[in-house]
Structure formats: C-alpha cells, structure tokens
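The values are calculated or read from the model by the stated rules, or taken from the named source; none is laboratory data. Just so it is clear, the model here is predicted, and its values are computed rather than measured. We place every Cβ from the backbone using ideal geometry, glycine too, and count neighbours over all the protein chains shown. Remember, those area values only see protein heavy atoms, side chains included, never the ligands or the DNA or RNA. Shrake-Rupley method; radii C 1.70, N 1.55, O 1.52, S 1.80 Å.
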Amino acid sequence: MDVELKGITKRFGPVVANSNVNLTIRAGEVLGLLGENGAGKSTLMNILSGLYAADEGQILIDGKPVVFRGPGDAIAAGIGMVHQHFMLVPVFTVAENVILGVEPTGKLDWLDLAAARDQVNEINKKYGLEVDPGTRVEDLPVGLQQRVEIIKVLFRSADVLILDEPTAVLTPQEVTEFFEIVKSLRDAGKALVFITHKLNEILEIADRISVLRDGQIVGEGDPRTLTEAQLAEMMVGRPVVFEVEKAPYAPGRTLLDVSELTVLSEDDKIAVDHVSFQVKSGEVVGIAGVQGNGQSALIEALTGLHHAASGKILFLDKDITHASVRERHRMGMAHIPEDRQRSGMISNFTVAENMVLNTYYDERYASGPNIRWSDVFKSAAKYAADFDVRTPSVFTRAGSLSGGNQQKLIVARELERETCLVVAAQPTRGLDVGSIEYIHGRLMHARDTGDGVLIVSSELDEILSLSDRILVMFKGRFVAEFDATKGPVDKNAVGLAMAGAQA
Ligand SMILES: Nc1ncnc2c1ncn2[C@@H]1O[C@H](COP(=O)(O)OP(=O)(O)O)[C@@H](O)[C@H]1O
Ligand SMILES: [Mg+2]
C-alpha cells in the first residue's frame, strides 16, 4: 500500500505547523522523517493518522483521495500510529490492551481474550516481538510497552506504521533489537515512517529520508549517500559542528568529594545507595544510566534540593551535606536542573527576571533592599546575547521561548557568574542539534577554564562525547566506571552496564 501526502498545510492559530508538504510512503520501505523539535513532524503524522484534519491538501492511498474524520477512519484504511506518549491502560494485560476498542459493542469476555492472546502470539512470532500477552502492562519495561503499541496497530491489520520518536525511551541495546523489528516489518511488506531527530539512527534504519524544517520539506535523499553533516545542515539551516573541542585532560584539585551517600525517595525507598565519587577541577564526570535509577535523587542531594539520609558531601573541602541551596550556590556551584519548566525557571517571569533569579540580591543589582532594575535589564540583555538566547526582548515571558532558548537562558544564568562546579542534569534533553552544539560548547568551556563538570544524562552519546570519566548508575549504585581520557570508551560496554549486566 502506497500513501501520498499532497500539499498538506496545517495551522494552529498563527503557527504554521505544516506548509505545503508533499510526501510519499511506500510499501516495503522505511521512510525516515527527520527534523528538529517543532519542525512539524508529529503534526504531519497526526494528520495522516486521522487525529488532526489538514487545512489544505489531500491524502491519497494507492492513488485515490481519502478523507479521515478520525483515527478510526485511518486505522480502517490501514494506517496506524505509535505515539511518543503511549496510550495503554497500565492495569490491563497486554491482550486486554490490544483488543481494547476493536469491538465497540462487545465485552471483554473470555472468548475474545483467548482469541486475542492467540493472535498476539502469532504477531509476536512473525515479527520477533516477544511480548507475553498475559502480562500486565504496568509490569513491563518501557521498551516492551512500546512493542505492545506496535502489536495493537498490527492487530488492527495496519499496512502503514508510523513510529513517532520511538527510540527516545530505549537503551542502546533495546534500540538495536528495535531496529531488527522495524526491518522485519519492512521485509514483510509494511510501509513505515520512522520519526527522529537523531542523525545516526536515520542513516542506519531509513531507506529514504525526508527532512522537515519550520513545517516545510527542505530536503530528501538516499541514506547511502547522505552524510550526517549534510542532514544536520538541512535540519538546522546552517552548518553544525559535531566534534566537541576540548583541551587535553589536566585535572586539578578535588572539588566535590562524595562518600557513602544514601538518599531516600519520596516514598522512603532507597534511591541512592551508598555512593562514593569525586569530581576534580578541569574534568567532566558523566553519569550514564537509564532514567529512574537514582540519578535525579543524587543530583537533588548534591544541589541541596533534597536531604541526604546518610553519607557525606564535601565541596571545596567543606562539609555541605546539610547546607542550603543558596549556600552551595554562593560557594560556586552551578545547577542546570533536569526539569527546566518546574525547577529551572519561572515561566510567568520575564527573561530578565529569570536571568537574576538567584542573584537579584547581589550588590550588582541591589542597593540594600532596592533592586536597580535598569542594571538588571542591562545585564540580562548582555547575557542573552552572550549565550545565544533568542528572545524578542528581555521583557518577554520566559515560558513563551522555545525549549532550546529556555535551556540556554538557564545555562546563561548559571554560568555567567564565577563558578567552580557545574552540575548539569539532562542538559540537552529534547533540544535540537543547534542548541545542543551550543550548550555542549559552553560546558566544555567551563571544564577547560578549570571548573569541574558533573553531567547526568540518559543520552549515551552525550555522555560519551563530553566525559573524561564515566560512571554508570543502576538501581542506585555505580555499577561500572570507564576512563575516557586515553581513548574512546566502548559504547556497547557502557550500554550493557546501563542495563544492569555485571562487568
Ligand atoms: N495542538 C497544537 N496546538 C498548537 N500548536 C501546536 C499543536 N501541536 C503542535 N503545535 C505547534 O506546531 C509546531 C510543530 O509541532 P510538532 O508537529 O509537534 O513538531 P515536532 O513533532 O517536529 O517536534 C510547533 O510550533 C508546535 O508548537
Ligand atoms: Mg514530535
């Protein structure tokens, strides 16, 4: 089954999410749809899967125009989408989730379920999915939940499968397995659309590539001849530097010395389990791990947002285990938090107000209790320019900036002052390559000028390209350590440690 999108335009108020897009999807082929955040990828595929109606343009299936009034129409026509956020019922089994909604009048009686289980097993076997139909979805790891979504779509006899950023939730090993599944679907004659912003992935899995930028198709091509550099330039609209430049490894004094640190989670479970490590001046220590293995609790304890249950944190030889956030900040600790919307900035404040969130009481900006706003605005404008924060003005509401610019605002605020230790959690999550390039450059600059940098990231490529030393966190403990100062670290070995394999 071949599908053609012709002249698709979609607006959300003043935003043109898709503009005159033409796209062909063919049976037995993986179409890679590449684009930065906000390029319009999900919108376009939501139109194809019947979730949104296009303002202009049409969809043709095997040459015939079709109109979808909802996802039901699309699935009846053989088009199914696996969304970025899964739509499963956690307390139901795999089989129950799969048949949910298929038979609008029927009940979930044992007959339906038994048949569904058989069919799930059949689909499993055909495409190497290996999901037990009797397991409750909430007991499955995220990687397998994703497969349930795929089974759901296949169960409805889809010939076209749309996968929206499917690898975002997978470990490197799971990505390898997932690609095998995608290939077997393709080889069985399915048409696939694989959405991503990751260049290496698209080159590995796609048979054909289309690049979206600002809602428009800006390039198409053959992955066998296209390079990452060419794709990145199409995606961003300018050349992108990939190699992070760094000075030779020359660590100095120990800045952070953590010993036997234990941190409990909200529900009193052990999140960080007797962890010890150090960060020196002039080095980047990367903490790799699948999300949810205690990294967040560790960072919160280091930055003072959450208290330690036991153990000790020394910063510049001073015991800060119980010091306040502001005290740590004053000593030169910068914190780029994991959740920029919640703890990184105040969306309703302006860019200028966010820029001085931790420093407005400084003598730079205040005379006693009076804030000198003209100085605040002047500095904010300078930092915004220095750190490439693209904003209409410093009076703009921070919440209205794009994710990349919000993050650069936080990086600017944290790094414009004298610091000695930078703690960065998921510093580039969800950002486009242009902003990633910029933030990586800034972190490396901090290292090269003598700061210690601690980075937590679930993006293994990010850890590998930035770190001098890599620690792998699994179930609250460091299960492996890699030295990256003498040559590249084996990605596969780190990936295995992330999955809990013993070295
Ligand atoms: N439901 C919506 N309402 C308003 N704006 C939207 C909606 N969905 C997407 N947009 C906007 O459309 C543009 C494209 O978004 P999206 O298709 O999600 O991009 P991508 O999937 O490539 O990251 C963005 O500017 C986004 O903010
Ligand atoms: Mg999207």
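Among Val456, Val422, which is the only one that is within 25 Å of Gly500 (Cβ to Cβ), of a type outside the set (Ser, Thr, Tyr) and either at pLDDT below 90 or buried (at least 23 other Cβ atoms within 10 Å of the Cβ) (or both)?
Val456 is the lone residue from the list that is within 25 Å of Gly500 (Cβ to Cβ), of a type outside the set (Ser, Thr, Tyr) and either at pLDDT below 90 or buried (at least 23 other Cβ atoms within 10 Å of the Cβ) (or both).
Kindly list the number of the only condition in (1) open to solvent by less than 20 Å² (accessible area, probe 1.4 Å); (2) assigned to a helix (DSSP H, G or I); (3) under 30 Å from Gly292 (Cβ atoms); (4) among the aliphatic types (A, V, I, L, M) that fails for Ile436.
Of (1) open to solvent by less than 20 Å² (accessible area, probe 1.4 Å); (2) assigned to a helix (DSSP H, G or I); (3) under 30 Å from Gly292 (Cβ atoms); (4) among the aliphatic types (A, V, I, L, M), only one is false for Ile436: (1).
How many residues does region 24-56 hold that are open to solvent by 70 Å² or more (accessible area, probe 1.4 Å) and away from ligand 2 (no atom under 16 Å from the Cβ)?
Here the count works out to 3.
For residues that are free of Cβ contacts under 8 Å to residues at least 60 places away in the same chain and farther than 17 Å from Thr359 by Cβ, scanning just region 407-428, find the one that is nearest to the chain's Cα centre (by Cα).
Residue satisfying both the conditions and the ranking: Thr428.
Please work out if Ile181 is within 16 Å of ligand 2 (Cβ to nearest atom) and either open to solvent by less than 30 Å² (accessible area, probe 1.4 Å) or over 19 Å from Gln145 (Cβ atoms) (or both).
No; evaluated as a whole, the condition is false for this residue.
For (1) assigned by TED's automatic domain parsing to the domain that holds Ala17; (2) acidic (Asp, Glu), each residue gets a yes or a no:
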{"position": "Ala232", "(1), (2)": "yes, no"}
{"position": "Asp257", "(1), (2)": "no, yes"}
{"position": "Leu261", "(1), (2)": "no, no"}
{"position": "Glu266", "(1), (2)": "no, yes"}
{"position": "Ala271", "(1), (2)": "no, no"}
{"position": "Lys280", "(1), (2)": "no, no"}
{"position": "Val285", "(1), (2)": "no, no"}
{"position": "Val290", "(1), (2)": "no, no"}
{"position": "Glu300", "(1), (2)": "no, yes"}
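Which of the helices (runs of 4 or more DSSP H) found entirely inside region 263-360 contain at least 3 residues meeting this: in contact with a Cys (Cβ under 9 Å, 6 or more places away or on another chain) and either open to solvent by 20 Å² or more (accessible area, probe 1.4 Å) or hydrophobic (A, V, I, L, M, F, W, C) (or both)?
Per the criteria, no element qualifies.
Condition test on Val21, is it in contact (Cβ under 8 Å) with a residue 40 or more places away in the chain and open to solvent by less than 20 Å² (accessible area, probe 1.4 Å)?
So Val21 passes the test.
Return the only residue of Val160, Val175, Val211 being more than 16 Å from ligand 2 (Cβ to nearest atom) and open to solvent by less than 10 Å² (accessible area, probe 1.4 Å).
Of Val160, Val175, Val211, the one residue that is more than 16 Å from ligand 2 (Cβ to nearest atom) and open to solvent by less than 10 Å² (accessible area, probe 1.4 Å) is Val160.
Which residues, counting only those in region 118-171, are part of a helix (DSSP H, G or I), touching a strand residue (DSSP E or B) at 6+ places or on another chain (Cβ under 9 Å) and of a type in the set (D, E, K, R)?
Within region 118-171, Glu149, Lys152 qualify.
Would you please name the residue that is nearest to ligand 1 (Cβ to nearest atom), looking only at residues in region 35-50 that are in contact with a helix residue (DSSP H, G or I) (Cβ under 6 Å, 6 or more places away or on another chain) and at pLDDT 95 or above?
Looking at the filtered set, the residue picked out is Ser49.
Please verify whether region 57-73 includes one or more residues that are loosely packed, with under 14 Cβ neighbours inside 10 Å and either within 16 Å of ligand 1 (Cβ to nearest atom) or assigned to a helix (DSSP H, G or I) (or both).
Yes, region 57-73 has at least one match.
Give the residues of region 1-16 that are modelled with pLDDT under 95 and among the aliphatic types (A, V, I, L, M), sorted by residue number.
Once the filter is applied, which keeps residues that are modelled with pLDDT under 95 and among the aliphatic types (A, V, I, L, M), region 1-16 yields Met1, Val15, Val16.
Considering only region 165-178, how many residues are touching a residue at least 40 places away in the same chain (Cβ under 8 Å) and within 15 Å of Ile151 (Cα to Cα)?
Qualifying residue count for the region: 1.
Give region 370-422 a look and list any residue that's of a type in the set (Val, Ile, Thr) and assigned to a loop (DSSP other than H, G, I, E, B), or say none. So that I can check it myself, show each step before the final result.
In the first step, residues of region 370-422 are kept if they are of a type in the set (Val, Ile, Thr); the result is 371, 376, 389, 391, 394, 396, 410-411, 419, 422.
If the condition is that a residue be of a type in the set (Val, Ile, Thr) and assigned to a loop (DSSP other than H, G, I, E, B), then Val389, Thr391, Val394, Thr396, Thr419 are the ones that fit.
Of Gly70, Gly78, which residue is within 29 Å of the chain's Cα centre (by Cα) and modelled with pLDDT of 90 or more? Full working, then the answer.
Working: Gly78 fails: within 29 Å of the chain's Cα centre (by Cα).
That would be Gly70, the only listed residue that is within 29 Å of the chain's Cα centre (by Cα) and modelled with pLDDT of 90 or more.
Is it fair to say Lys125 is modelled with pLDDT of 90 or more, within 16 Å of ligand 1 (Cβ to nearest atom) and of a type in the set (Lys, Arg)?
No, not satisfied.
For region 187-208, check the following and say yes or no: at least one residue is under 17 Å from Met45 (Cα atoms), away from ligand 2 (no atom under 16 Å from the Cβ) and either surrounded by fewer than 21 Cβ atoms within 10 Å (Cβ to Cβ) or within 18 Å of the chain's Cα centre (by Cα) (or both).
Among the residues of region 187-208, at least one is under 17 Å from Met45 (Cα atoms), away from ligand 2 (no atom under 16 Å from the Cβ) and either surrounded by fewer than 21 Cβ atoms within 10 Å (Cβ to Cβ) or within 18 Å of the chain's Cα centre (by Cα) (or both), which makes the answer yes.
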